[in-house]
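Heads up, the thing below is written out as structure tokens.
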Amino acid sequence: MTVQAYNPKAPNKSAPTSSLTQASPELLHISEPNQSHAKPSDGSCGCGGSHDHSHDHNHHNHVHNHSHEPEFYDDGIRVMPTSDDLQRLSSDAKLIQQAISEENSNHSNLITSSRQSVPTITVNGVLISEQAIGEEVQYHPANSQDEALFLSAQALVIRELLRQAVMVDDELKDEWQVDDENAISKLIAKNVHPNTPTDSICEQYYTANQGEFTAPPVMKVRHILLACPPEEGEERIELKKRAYELIDIIKNSPNPSGEFITQAMQYSACPSKTDGGELGILQKGATVPEFEKAVFALPKGLAPSPIESRYGVHIVDVMERMDGKALSFDEALPMIRNRLSQQAFHHALIDYLYTLKQNADIVGIDISVNQENIYRG
């Protein structure tokens, strides 16, 4: 690969205003998932209960690093890189963005600062225009304008490398004019071939990381909701007093379980009142955070104090509590295999992008792929 790194002290040549390589936001911009907790529109109180007594195994978040240890990406990218899966454009966009992110080290002086013009950048003679870089910046939030410029230019260089690879493929070049993202997906499907993890490799990972594989705790819960908006402070104070009174009535009844049902049907503002307040099986992530945090800290039985949430004041009875248990290897195997397959695909994609760069003549920006960041299994 021939790379001529931009030197801020050298005379700058004004770049033509071509937009040949303007990036597609759909390919290179990954928006963050919406994590707000809006009030549900289905008439429920947002407590998230389910009468389905099955539950999913836990999915673990992770922080990506550059070691040779296995790295996993569970959150909405892909689980098995099948041919059909490779044609899901959003998946490819995320994977390409992740691969690009592995090349961001030591770039503070590799592109002009915001006080100077953006340098002329070409990929095998094809210009990455100033206009395209400027339009791409909005998709790459960064700590500084320098970093945003670098990330934007880098993304466009990667896209141009992929475009050129498509154009020399007789089976794909005509498709670029019809659907460029689909053409890139097919290019990746043809050239990225990750190794499938064997059971032996999966077992080695399970043994080394056994603590990761635990079924999440689940609870069978019923409640009585005394509804009140968060801003009604005085009303909430009165409802908390009423909640304590109802707790005493239930606790001191000869038949506490039956009394709970009676009080739920009479006073609860939740649709679950028709089932005696039962929310069914409750697992983490199924309800609003403030309710979840308080409920999962409770032991089995009637809670001695009411719980407050954005919806009001809750009287809670934990009917059953099933703490998470360690999964056996057989139980964890599908999760491990999917994770290892995900990791293998990700690094195979990095290898492919690295090869494209090694064979390219890139001028104006120094995008270096550190060999230690590429896992070759």
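Considering only Cα-Cα distances, which of the following residue pairs are longer than 29 Å: Lys186/Lys284; Lys251/Lys284; Lys241/Lys325?
Lys186/Lys284; Lys241/Lys325, as the Cα separations exceed 29 Å there.
Of Cys270, Cys228, how do they rank once you tally other Cβ atoms within 10 Å and put the fewest first?
Cys228, Cys270
Quick query: amide H of Glu308 versus all other amide H atoms, modeled in the peptide plane; which residues come in under 5 Å with a sequence gap of 5 or more or a different chain?
Placed amide hydrogens put His314 under 5 Å from Glu308.
Using a 7 Å offset from the Cα along the Cα-to-Cβ direction at both Asn359 and Asn195, what is the distance between the two label points in nm, to one decimal?
Each label point is offset 7 Å from its Cα along the Cβ direction, giving 2.3 nm.
If packing is taken as the average number of other Cβ atoms within 10 Å across a peptide's residues, how do 164-171, 357-364, 179-186 rank, most packed first?
Result, highest mean Cβ count within 10 Å first: 179-186, 357-364, 164-171.
Amide H to amide H, which residues 5 or more places from Arg321 or on other chains are under 5 Å from it, using H placed in the peptide plane?
Lys220
Under the rule of at least 5 residues apart or a separate chain, name every residue whose amide H is placed under 5 Å from the amide H of Asp366.
For Asp366, whose amide H was placed from the backbone, the distant partners under 5 Å are Tyr6.
Every number here is computed from the coordinates shown, using simple stated rules; none is lab data. This structure is a prediction, so every number in the text was calculated from the model and none was measured. Reconstructed Cβ throughout: ideal geometry from the backbone, glycine too, with neighbour counts over all protein chains shown.
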